[in-house]
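K.L.:
I am attaching a structure below and will ask some questions about it afterwards.
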Amino acid sequence: MNVFKMEFKKGLKPLAIWSIICILLVILFMSMFPSMKDSGMQELVNTKMGAMPPALLEAFNLKDVPDFSQLNQYFSYVFQYIVISGYIYASLLGAKSLIKEESEGTIEFLYAHPISRTKIVTMKILSSASLFYLFIMIIGIASTLMSLAVKPADLAITSLLIDFKLMFLGFFLVGLVFMSIGFLISVVIPHLRLAMPLSIGLFFISYLLGIFSGMIEKLSFLKYISPFHYAVPSEIIKNGIEPFYIIVALLIIIVSFIVTYLLYKKKDFRI
């Protein structure tokens with residue numbers, strides 16, 4: 001039985017739904033860019049931002065106010081809200097992967113075939129990662145086309161593509177972090193009805209912890225347990241991805257998957 005093919009096909013419909021939603025967001029945001037090039041609009045944005053408390057600006061990655069008349073900076077800022085949807089999608093891919101057979105009552109069918117538990121986990125990880133990669137490619141193509149449609153004549157295409165490459169690499173890396181945590185939840189939580197809301201809840205908790213780390217200096221250490229803040233798009237185009245965050249992200253992914261394998265091999269299934 002080809003578990004990879006079966007899981008991949010099952011995931012195509014949700015992939016299409018999430019992709020359409022995010023593409024519509026990209027179209028909405030990028031259609032607003034031409035108005036941002038107006039000097040009056042940029043002055044208004046700077047005035048409004050200047051009236052906000054510094055701690056709040058830091059929390060929402062606006063410490064250095066982006067120049068919204070520059071396509072790279074504008075897209076990098078609005079894109080951080082699009083990736084939130086992507087991270088939730090990645091979390092759900094992992095959270096439902098190993099528990100859905102038990103919840104749907106099809107676990108006996110799966111284990112009636114001569115396939116090891118290790119291979120099942122491996123195939124499900126590969127299928128989920130493939131779906132998420134395809135999701136990112138779809139969003140990347142849509143974002144590139146929309147950006148080229150509104151691109152100013154003086155902006156080099158190569159510069160735009162390099163920035164996009166870095167942002168989407170960060171998107172994929174952090175998405176895998178949330179996916180791996182989702183897999184761990186999937187093997188621990190006894191029912192799909194609990195696993196999915198828990199994975200979404202953990203994402204928003206980590207996101208809020210990252211916001212608090214920017215608002216309160218004494219809580220700055222919380223940013224290390226907020227994967228969302230490992231690769232903030234608006235920071236990536238300025239400074240790239242910090243090597244420390246890459247290492248932390250990889251460690252979380254590796255540890256989460258290893259623990260998932262170990263627990264799944266010993267798990268007693270509800271038949």
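The values are calculated or read from the model by the stated rules, or taken from the named source; none is laboratory data. Since the structure is predicted, the reported quantities are computational estimates derived from the model, not experimental observations. Every residue, glycine as well, gets a Cβ built from its backbone with ideal geometry; the counts of neighbours run over all protein chains shown.
K.L.:
Mind checking which residues of the range 86-113 are modelled with pLDDT of 80 or more and in a loop (DSSP other than H, G, I, E, B)?
P.N.:
Step one: filter the range 86-113 for residues modelled with pLDDT of 80 or more, giving 86-99.
Selection gives 96, 97, 98, 99.
K.L.:
Go through the range 120-172 and count every residue that is part of a helix (DSSP H, G or I), without any contact (Cβ under 8 Å) to a residue 60 or more places away in the chain and of a type in the set (D, E, K, R).
P.N.:
So the answer is 1.
K.L.:
Go through 199, 206 for me and flag whichever is touching a helix residue (DSSP H, G or I) at 6+ places or on another chain (Cβ under 8 Å), without any contact (Cβ under 8 Å) to a residue 24 or more places away in the chain, within 19 Å of residue 85 (Cβ to Cβ) and surrounded by 19 or more Cβ atoms within 10 Å (Cβ to Cβ). Steps first, please.
P.N.:
On the way: 199 fails: without any contact (Cβ under 8 Å) to a residue 24 or more places away in the chain.
On inspection, the qualifying residue turns out to be 206.
K.L.:
In the range 231-271, what residues are within 16 Å of residue 117 (Cα to Cα), buried (at least 19 other Cβ atoms within 10 Å of the Cβ) and either under 16 Å from the mean Cα position of the chain (by Cα) or of a type in the set (A, V, I, L, M, F, W, C) (or both)?
P.N.:
Hit for the range 231-271 is 257, nothing else.
K.L.:
Next up: Looking for whichever is of a type in the set (Phe, Trp, Tyr), surrounded by 22 or more Cβ atoms within 10 Å (Cβ to Cβ), part of a helix (DSSP H, G or I) and at pLDDT below 90 here; the options are 183, 178, 212, 228. Which one fits?
P.N.:
Numbers: 183 fails: at pLDDT below 90; 178 fails: at pLDDT below 90; 212 fails: surrounded by 22 or more Cβ atoms within 10 Å (Cβ to Cβ).
Going through 183, 178, 212, 228 in turn, just one is of a type in the set (Phe, Trp, Tyr), surrounded by 22 or more Cβ atoms within 10 Å (Cβ to Cβ), part of a helix (DSSP H, G or I) and at pLDDT below 90: 228.
K.L.:
List, please: which pairs have Cβ atoms under 6 Å, are six or more places apart or on different chains, and start with a residue in the range 233-247 that is assigned to a helix (DSSP H, G or I) and end with one that is of a type in the set (Phe, Trp, Tyr)?
P.N.:
Pairs that qualify, where the first residue is assigned to a helix (DSSP H, G or I) and the partner is of a type in the set (Phe, Trp, Tyr), are 233/79; 234/77; 245/230.
K.L.:
Then there is this: Is it true that residue 163 is surrounded by 15 or more Cβ atoms within 10 Å (Cβ to Cβ), charged (D, E, K, R) and more than 14 Å from the chain's Cα centre (by Cα)? First the steps, then the outcome.
P.N.:
Working: surrounded by 15 or more Cβ atoms within 10 Å (Cβ to Cβ): yes; charged (D, E, K, R): yes; more than 14 Å from the chain's Cα centre (by Cα): yes.
Taking the combined requirement at face value, the residue satisfies it.
K.L.:
Considering (1) under 26 Å from residue 28 (Cβ atoms); (2) in a helix (DSSP H, G or I), say which one residue 199 fails and leave the rest.
P.N.:
The single condition residue 199 does not satisfy is (1).
K.L.:
Same structure again: In the range 114-130, how many residues are farther than 12 Å from residue 97 by Cα and modelled with pLDDT of 85 or more?
P.N.:
First pass over the range 114-130, keeping only residues farther than 12 Å from residue 97 by Cα: 114-119, 130.
Then keep just the ones that are modelled with pLDDT of 85 or more; that gives 118-119, 130.
Total meeting the criteria: 3.
K.L.:
Follow-up question, since we're still on this one. Go through (1) within 25 Å of the chain's Cα centre (by Cα); (2) within 21 Å of residue 125 (Cβ to Cβ); (3) at pLDDT below 90 one by one and return the number of the condition residue 32 breaks.
P.N.:
Every condition holds for residue 32 apart from (2).
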